[in-house]
Amino acid sequence: MNLTLKIWRQTDAVDKGKIHTYAISGISQDMSFLEMLDVLNEQLNEQGEEPVAFDSDCREGICGMCSLMINGEPHGPEVTTTCQLHMRSFNDGDTITIEPWRSGAFPVVKDLVVDRSAFDRIIQSGGYISANTGSAPEANSVPVPRDNAVRAFNVATCIGCGACVAACPNGSASLFLGAKITHLGELPQGQPERWSRVVDMTAQHDHEGFGGCTNIGECAAACPKEIPLDVISQLNKDLRTAMRHGH
Amino acid sequence: MTDMPDTTLTSDRSHDEPSPGQYDDAAGYYTLGEPIADTKAPAGDIADRWQTRKFEARLVNPANRRKLSIIIVGTGLAGGAAAATLGEAGYNVKSFCYQDSPRRAHSIAAQGGINAAKNYKEDGDSTHRLFYDTVKGGDYRSRESNVYRLAEVSTNIIDQCVAQGVPFAREYGGLLDNRSFGGVQVSRTFYARGQTGQQLLIGAYQAMERQVKLGTVTEYTRHEMLEVIVADGQARGIIARDMVTGEIETHLADVVVLASGGYGNVFYLSTNAMGSNVTAAWRAHRKGAYMANPCYTQIHPTCIPVSGDHQSKLTLMSESLRNDGRIWVPKKAEDCGKDPRDIPEEDRDYYLERIYPSFGNLVPRDIASRQAKNMCDEGRGVGPMVGDFRRGVYLDFKDAIARLGKDAIEEKYDNLLDMYERITGENPYEVPMRIYPAVHYVMGGLWVDYDLQSTIKGLFVTGEANFSDHGANRLGASALMQGLADGYFVLPHTIRDYLADGPFPEIGEDHPAVVEARADVEGRIEKFLSINGNRSVDSFHRELGHIMWEYCGMERTAEGLRKAIDMIRELKREFWSDLKVLGTADSLNQSLEKAGRVADFIELGELMCIDALNRRESCGGHFRGESQTEDGEALRHDDEFAYVAAWEWGGQDGTPILHKEELVYTAIEMKQRSYK
Ligand SMILES: Cc1cc2nc3c(=O)[nH]c(=O)nc-3n(C[C@H](O)[C@H](O)[C@H](O)COP(=O)(O)OP(=O)(O)OC[C@H]3O[C@@H](n4cnc5c(N)ncnc54)[C@H](O)[C@@H]3O)c2cc1C
Ligand code: SF4
Ligand code: FES
């Protein structure tokens, strides 16, 4: 395949940045999207132009390191991560626009790389169950109904990639936040801190500059792990209950 | 499937096998040093050793802990769990990782599960049985006291993870579910669908983030450790590069822990993450930490084959697929390019079922991998031509679908089969899957004693980065167990004995050891950017990978290894004279990061070949062509090689120095395995 790539280049956080256009040829259908960018980078290196910086690590859809807005869609046209997107989703002659996540709370570091440390700080504010090492009771002493365990697992599969934020016109991280609230809130072990957790994490979310949720639903449509929208209802419900309890 | 029960135990040697002691294959490539021994494990009954050590390890008064600082490199299961636990204890912890968040460490990618001797199924499991299976699975090349301790603390891990909210699979009654894994006869594997590593890591990450909020742990993300500081005989800090600003930073502490993961990427293509590296361990090695059994590599039989030269990494398909899929290649080489559905039953060679009638498709990982390679070497591989060969074998679900129905297969393996289709574009319900072995895990790593301390005082090593528990082969679901055992339950006890002598005299940035380490790092970076040659870092990495895979992969021979060593030495010369790295040192520069990693992989690759050359026996994942039975099975030489090979850095132009740690088994008897 021959392709035209329009790629956002920005030298550092303060640079204004702009789109550069590159032509690339000899791309096979079996390559992953990131392997296609590897080929571009080899070519740039050869020509004496600095390679394009982009994030990836596991390249199997689980670490959440890869990102990229591809033709305006987070992780591109399929329901998967960028690293699992393959070139057979594109056609010979296509023009592909590649940009970093766009959100005030995820400042650009360089080219296609952004700073997502706000997610870590949201977790720090309460996204855990306090259980010091060695203090745990025997694992089977507290049974967990299977339905709760399954729901907890399903939402715990969030990979913290930030696509939900990039997709949201308000730049809200409600899907990410709701997934964590729901994961821990479904489990008996998560109950003691349930109400303080939702209040503290929501406050941190707002403090980081993520926007509010107005129920547009773009986040769930973009999420590579198909985290369902109902975690946001759960988030709101828990928040209301917490407020009533005076947290 | 790794640890299949032995049907016949035999220690027969075939007759024309040269008598041991006759060879010193690596003569000229190394120097023999003094033997080495673990001096920390208490003597006595194996079941009492850990309790004794915990009791004897000195305590640190809670009021003093805040004054003691610990650097932990790595936030995977081993590093994340340790940071959380030591933070909770009140020490002053600094945690480092190269990703943008601690949650992305490569532990996240583990699929299958984690072992623990809970015996919830009442099927006869026990600490002793898990210990036994692990030593045997490791082909009697691990240290028994360490393995016993691992089995002993395994049950605490599950308790801890459940308390943190790890959503393990459960039965309808709400209790934890188990599955069997790795072909052992008991069900002791805990799992969270196909994402066990992810869930365990998020548990450790959240516990660590809680400590960040409480101020006991400071996290440094997008930081790469490039040197260890050894001052007055003790590890006292690291030099790290802020990967965003390029700033070279000095971090000092009372003790340093490396939990930096495995080095499988020395093969370029592996199931490891793109950034997985040996730099942290290798820099420590060059400063005096011995590297143990570096050649012990685990090659996993069920991965998606390479599709072309552009390939950047390989993807594992859980080996549970071998429970229902049948593995075959065409009988005739001329059929290899055909649509497999057009090849009639009588022209298919179900080679594992043919060669190993009692274990069939369920033979251990190393055997399944080697036979797949043999079939492809014979010219009977399938899939696209890569170079001169087709590198793939079929894993066929046709019979299983006919027997159990498509729905049942879908329910069992849906995620995996979807992932396969996404990567290959082929529908495995209709066309047989293609699989091929890939590098997956390294048993080798930095040498540590029972306390997990390396040969550098004050440098502790945990998780995949150390060599300690898996001998020559690791059982499925045991790496996660080891990472968390080290991080939550072992290191926090052993490190306190060391810290009881602290805080150590303060050293400043002007200490000669600090100045030297910084200068080394800065010099290297400057060198990478100034060579101005013609070849990209990736091209060197790829070439190194080819050499390693060809000569230090599934089957190794003296001749091939010697050739590889020459090739690697030549590659090293070329690297340092023809490398091309663009960009600057003071910004995010991914080529520069890779250059440092590849430089270290090249040196490691040479040592791996020397280690493999020296070990003229076949054991676990290490198969020497010269050491096999008449039927082509692995042949160990306990009389000559029942030792850990701990290598000391011999200097830039010197040869490595071999220190042997003799392996003594008091609680288990050494046997040869057989799967026929
Ligand atoms: C695809 C796959 C599936 C697997 N499945 C299983 C399974 O089902 N069961 C099982 O038991 N095992 C499995 N394993 C093996 C297991 O996942 C690993 O052995 C284990 O997770 C390693 O953990 P770790 O904490 O030692 O290292 P890692 O999780 O690799 O963490 C390494 C850490 O070190 C940091 N680091 C490395 N170098 C530097 C540096 N120079 N500077 C700063 N930071 C650095 C990284 O940022 C990272 O935080 C699997 C492995 C793979 C690849
Ligand atoms: S909710 Fe989905 S899109 Fe958002 S961070 Fe998690 S996995 Fe990514
Ligand atoms: S690189 Fe890990 S999810 Fe894409």
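The values are calculated or read from the model by the stated rules, or taken from the named source; none is laboratory data. Nothing here was measured: the structure is a model prediction, and the numbers come from that model. Don't worry about glycine lacking a Cβ; one is built from the backbone with ideal geometry, like all the others, and counts go over all protein chains shown. These accessible areas exclude ligands, DNA and RNA; they are computed on the full protein's heavy atoms, side chains included. Shrake-Rupley method; radii C 1.70, N 1.55, O 1.52, S 1.80 Å.
For this structure, a couple of remarks:
- Per residue, the stretch B:300-439 exposes an accessible area of 39 Å² to a 1.4 Å probe, with every protein chain left in place.
- Take each residue in B:103-114, count the other chain C-beta atoms within 10 Å of its C-beta, and the mean is 4.
- Percentage relative contact order, chain B, counting C-alpha pairs under 8 Å, at least six apart: 23 percent
- Expressed in Å, the radius of gyration and Dmax of the Cα atoms of the stretch A:3-110 are 13.4, 37.
- Shielding value for A:155-164 is 3, the average number of Cβ atoms from other chains within 10 Å of each residue's Cβ.
- The charge dipole of the stretch A:3-110, taken about the Cα centre with unit charges on the Cβ atoms of Lys, Arg (+1) and Asp, Glu (-1), comes to about 420 debye, rounded to the nearest 20.
- Against chain B, whose longest principal axis is taken from its Cα atoms, helix B:590-614 shows a tilt of about 70°.
- Of the peptides B:241-249, A:211-219, the order by per-residue mean of other Cβ atoms within 10 Å, starting with the highest, comes out as B:241-249, A:211-219.
- The stretch A:1-97 - accessible surface per residue (Å², probe 1.4 Å): 38 Å²
- Chain B: angle of helix B:144-164 to the longest principal axis, Cα-based, in degrees nearest 10: 90 degrees
- Surface composition of the protein assembly as shown: carbon plus sulfur atoms hold 48% of the accessible area, using a 1.4 angstrom probe and ignoring ligands, DNA and RNA.
- Nearest-0.05 FRET efficiency for B:E506 and B:D653, computed from C-beta distance (R0 30 Å): 0.25
- The charge dipole of the protein assembly as shown, taken about its Cα centre with unit charges on the Cβ of Lys, Arg, Asp and Glu (plus for the first two, minus for the last two), comes to roughly 1960 debye.
- DSSP beta bridges in the protein assembly as shown [antiparallel fraction, %, rounded to 5]: 70 percent
- Ranked from largest to smallest solvent-accessible area, with a 1.4 Å probe on the protein heavy atoms, A:D230, B:D407 come out as B:D407, A:D230.
- Buried area at the A-B interface (accessible, heavy atoms, 1.4 Å probe, summed, Å²): 6200 Å²
- Principal axis extents of the Cα atoms in the stretch B:581-628, from largest to smallest and rounded to whole angstrom, are 52, 16, 11.
- For the stretch B:510-648, the pair-distance distribution built from all alpha carbon pairs, in bins 5 Å wide starting at 0, is 2, 9, 17, 16, 14, 12, 10, 8, 6, 4, 1, 0, 0 percent.
- Per-q log10 I(q)/I(0), the stretch A:114-229, q = 0.15, 0.21, 0.22 Å⁻¹ (Debye; single scatterer per alpha-carbon; no solvent): -0.68, -1.19, -1.28
- At a probe radius of 1.4 angstrom, the accessible area of the stretch B:476-539 per residue rounds to 39 square angstrom.
- Residue ranges B:387-395, B:499-507 sort as B:387-395, B:499-507 when ordered by packing (mean number of other C-beta atoms within 10 Å per residue, highest first).
- Nitroxide proxy distance, nm - points 7 Å out along Cα→Cβ at B:Y132 and B:K332: 5.0 nm
- The stretch B:300-439, Cα convex hull volume normalised per residue, Å³: 106 Å³
- Take the Cα of A:E46, step 7 Å toward its Cβ, do the same at B:A37, and the gap between the two points is 6.0 nm.
- Across the stretch B:35-139, Cα-Cα pairs farther apart than 17 Å form 73% of the total.
- Dimensions of the protein assembly as shown from C-alpha coordinates, computed as largest minus smallest value along each principal axis and given longest first, are 80, 70, 65 Å.
- q = 0.16, 0.20 Å⁻¹, the stretch B:428-545: log10 I(q)/I(0) [Debye, one scatterer per Cα]: -1.04, -1.11
- Peptides B:514-521, B:472-479 ranked from most to least packed give B:472-479, B:514-521, packing being the mean of other C-beta atoms within 10 angstrom over each peptide's residues.
- Cβ-based charge dipole, the protein assembly as shown, positive-most Cα from B:S107, B:L362, B:A83: B:A83
- List of the stretch A:188-222 residues, accessible area with partners at least 40 Å² below that of the chain alone (1.4 Å probe): A:Q189
- Over all other residues within a Cβ to Cβ distance under 15 Å of B:K412, the charged ones net out to -4, with Lys and Arg as +1 and Asp and Glu as -1.
- Over the stretch B:510-648, relative contact order from alpha-carbon pairs under 8 Å, at least 6 apart, %: 27 percent
- Accessible area ranking (1.4 Å probe, heavy atoms, ligands and nucleic acids excluded), largest first, for B:M225, B:M419: B:M419, B:M225.
- Hz values of 3J(HN,Hα) by residue in the stretch B:332-340 - Karplus curve (6.51, -1.76, 1.60), Gly and Pro given as x: 10, 4, 5, 7, 5, x, 6, 5, x
- Range of Cα positions in chain B per principal axis (Å), largest first: 75, 63, 51
- Degrees, to the nearest 10: B:406-424 long Cα axis against longest axis of chain B: 70 degrees
- Farthest towards the positive end of the charge dipole of the stretch B:300-439, among the residues B:L416, B:P428, B:H300, is the Cα of B:H300, using unit charges on the Cβ of Lys, Arg, Asp and Glu.
- A loss of 20 Å² or more of accessible area (1.4 Å probe, protein heavy atoms, ligands and nucleic acids excluded) relative to the isolated chain is seen in these residues of the stretch B:253-288: B:A273, B:M274.
- In chain A, the convex hull through the Cα atoms has an average projected area of 15.5 nm², a quarter of its surface area.
- Remark: mean inter-chain Cβ contacts per residue of A:39-46 equal 4, using a 10 Å Cβ-Cβ cutoff to other protein chain atoms.
- Within the stretch B:490-646: Cβ-based charge dipole about Cα centre, in debye rounded to nearest 20 (Lys, Arg +1; Asp, Glu -1): 520 debye
- Given R0 = 22 Å, the distance between the Cβ atoms of A:A13 and B:T218 translates into a calculated FRET efficiency of 0.50.
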